[in-house]
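Structure record follows, encoded as structure tokens.
Here, each number is a calculation from the coordinates, and none is a lab measurement. Because the structure is predicted, anything quoted here is derived from the model rather than measured. Every residue, glycine as well, gets a Cβ built from its backbone with ideal geometry; the counts of neighbours run over all protein chains shown.
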Amino acid sequence: VSNCGLQLVIQTSSITDKSKPFEFRINKEQSSFHNRLLQHDLEKNYSGRQDNTHFGSSSSITFPVLQRTAEEKILNSDRLTLERQKLTVCPIIDGEDHLRLLNFQHNFITRIQNISNLQHLVFLDLYDNQIEEISGLSTLRSLRVLLLGKNRIKKISNLENLKNLDVLDLHGNQITTIENISHLSELRVLNLARNLLTIVENLNGLDLLTELNLRHNQVSAIKDVDTLPRLQRLFLSFNNISSFEDILCLADSSSLSDITLDGNPIAQETWYKHTVLHHMMQLRQLDMKRITEEERRMASVAARKEEERKRESHKQTLLKEKKRLTICNIARQWEIQQNRIALVASLNQDKDNEPCQINGSAAYVFPEESRSLDTILSSAVQGLSVLESHLVEVEGDTLCLYGAGALECLDRNWSVQTAGIIVAVSFMFIEFDEIVQVLTKLKIKFPNSVHLKFKETNLVTLQQFNALAQMHRIEQLTVDPQGNPVVNFTLWKYYVLFRLNHFNLQKINGVKVTENDIVMAERLFGILAYVASSELPHYRMLSLFGESRRKQFHCLLEGKGKKSGIGSEEGSDNRRNGGESTARATLNYMTKDFHMEKLEEIKERKTFCQTYVEDLVKEAADINMKNESLQKLWPQMFIELVRDAVIEIRNKNSYMKLCLQRITDQKE
């Protein structure tokens, strides 16, 4: 007002005073006096006309009453500016029902009131005041522009009747939620910058919205923006958006042309610009910079590469998860199998002990579960049946085998390159006796393997290490304590060094082997090999000698085919392989299955021998009985034979005729 150069009539009134209003005519030169007078009117309690507005108190409230002269109305008939007047309340404006523009910028107004009579108002500016609640606007149905920026508003409310609103500015307030605006179907511009928003939602119904300003909030996720058919400009600078998934709905907006995301964590990513441009090909500007065709092309290429990388990463993640689940399944099946074996062994042991009878009843009974063991174990595995029961994986230079079924992979046609890089073989959740059966295949399929790892393989006795002697070469041996009780034996490492001395082991469980270890192993177990060889049958010793000679001869033939520069290391390996002493060779390992087969074979032989001897004894007894009977009957038989002979030759002619007749009958 002070700057417009117009003469105004300012009238103030109270609730009780009905006297003639004070009139002050001011011009441009009197502007400073007008400011002081207006402030004075706001602070002083005059008696005036009746007013129903209260501010939580029963005391009288004073409102300045503003009136303009006819000349002033002619110059600015439809607008009124009262900015920077230090107003704490909205003045009463009489005779200005035709006003279309009203400006209250930069005052101290705390509540919107006394403007309900301005029903033709189109533009209302209350920027930079102290308003805490949106109110007093229900009659302003013609309002098109409402500027309430930089106030203290905490909630969007009381806009139900402003259906023609075109611009709504609420920046610089304390709003936490977007709400109660879905009915503003004519709204084109919405400014909610510098508030406390965390989620962008509830934007349905704003069909004509073309610009949305959300700068300087705390936004971390965006929803419903893709439902705005006319949205062209979206400002999201300086928020908490950290991933493209948080703004994924923007990719579905076909009308969006300008967007800003600078100041967000996502803008620091290397793939940020390329990803945004790839998913929003219709953009013309990004972060207030025009997008060129070259940038679009580069973004498309980079986005494709990023998509491929993400797909590969996702694939690797799925494979890792599948591997983890498969290993868990194998571990569960292994545990169930071990529990079954332990329970069966316990039941077999208990069968040998008859329960004591007390008053005609057993002293103990087996639990009910023991009678339906298969049912219990089957139900336990049922939920895991969809997963693999074994896993074969090559990790670098290590072949990892999980589960007994993985041993079948050794029958595959491995490529020369893959088989050549395998240096270590890891066995997990596999019975050692089953591993022993494939050791020969292992040294053929993977000739460069020098490191064996065992975990959960039931290594329980030192004797089992004897089976490793059939390998081509071993430089390192790792036996995990988990599932291998043999590691609890104090001298197990020394026994391994003694038995596999011809391999020249370098490390056991990651610890380097020293000369002192080898000497100690020889002292501890050297006598064992001597005892074993002395107890061996002579024919078996000859067989071992022959086999040792054959190995040495075979290694010698292989060494001749090598060049001198290449064959030195191989020759030493062959010498080690063929250098296994005969005494140590007597310390071998027989698997449970093989032992059972041997027992069955021995049993069959024993049964055969027993039957054969019984038949011989029976036959000899029969012969002896016949001989005894013959001895008893022979004297009488001899007498009868002599008697018959005498009777036959008594008549010589008749006897000769009888003999000739017999000869004739035989010829015929």
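If you take every DSSP beta bridge fully contained in region 187-239, what fraction is antiparallel? Give it as a percent rounded to 5.
Of those bridges, close to 0 percent are antiparallel.
Tell me, rounded to the nearest percent, the portion of alpha carbon pairs in region 200-258 spaced more than 17 Å apart.
Taking all Cα-Cα pairs of region 200-258, the fraction more than 17 Å apart is 31 percent.
Subtract the Cα-Cα distance of Q482 and S77 from 0.36 nm times their separation in residues, and report this length gain in nm to one decimal.
136.4 nm
Report the one residue of C249, F238, Q268 whose Cα lies farthest in the direction of the positive end of the charge dipole of region 205-319 (charges on C-beta: Lys and Arg +1, Asp and Glu -1; origin at the Cα centre).
The residue sitting most towards the positive pole is Q268.
Taking a 18 Å limit on the Cα-Cα distance, which of the listed pairs K445/K507; K322/K445; K86/K150; K223/K315; K154/K223; K73/K163 fall beyond it?
In this structure, K445/K507; K322/K445; K223/K315; K154/K223; K73/K163 lie more than 18 Å apart at Cα.
Mind ordering 105-112, 309-316, 479-486, 69-76 by average Cβ neighbours within 10 Å, highest first?
105-112, 479-486, 69-76, 309-316
Taking Rh as the Kirkwood radius computed over C-alpha pairs, what is the Stokes-Einstein D of region 593-668 at 37 °C in a medium of viscosity 0.692 mPa s, expressed in µm² per second?
Estimated via Stokes-Einstein, D reaches 182 µm²/s.
With the cut-off at 1.5 for a/c, could you classify region 239-340 from its C-alpha gyration tensor as rounded, prolate or oblate?
Here region 239-340 falls in the prolate category.
Tell me, how many Å apart are the Cα centres for region 253-273 and for region 416-489?
Centre-to-centre distance over Cα atoms comes out at 56 Å.
For a quick check: with amide H placed at 1.01 Å from N, whose amide H comes under 5 Å from Q67's, ignoring anything fewer than 5 positions away on the same chain?
HN-HN under 5 Å from Q67: V9, I10, Q11.
Report D for region 137-295 in µm² per second (integer): Stokes-Einstein, Kirkwood Rh on Cα pairs, 25 °C, 0.890 mPa s.
154
Tell me, what is the FRET efficiency for Y612 and A331 to the nearest 0.05, using R0 = 60 angstrom and their Cβ-Cβ distance as r?
0.70
Order the peptides 118-127, 424-433 from the highest to the lowest mean number of other Cβ atoms within 10 Å of their residues.
424-433, 118-127
Would you be so kind as to identify which of I474, I430, T490 lies farthest towards the positive end of the dipole of region 417-511, taking Lys and Arg as +1 and Asp and Glu as -1 on Cβ and the Cα centre as origin?
Of the listed residues, the answer is I474.
Per-residue HN-Hα couplings for region 200-207, Karplus 6.51 cos²θ - 1.76 cosθ + 1.60 at θ = phi - 60°, whole Hz, x for Gly and Pro?
Whole-Hz 3J(HN,Hα) from phi for region 200-207: 9, 7, 6, 9, 5, x, 8, 6.
Taking a ≥ b ≥ c as the square roots of the eigenvalues of the Cα gyration tensor of region 106-203, is the shape rounded (a/c under 1.5), prolate (a/b larger than b/c) or oblate?
Since a/c reaches 1.5 but b/c is at least a/b, the shape of region 106-203 is classed as oblate.
Taking the alpha carbon gyration tensor of region 163-233, what are the square roots of 5 times its eigenvalues, largest first, to the nearest whole Å?
In descending order the semi-axes read 18, 13, 11 Å.
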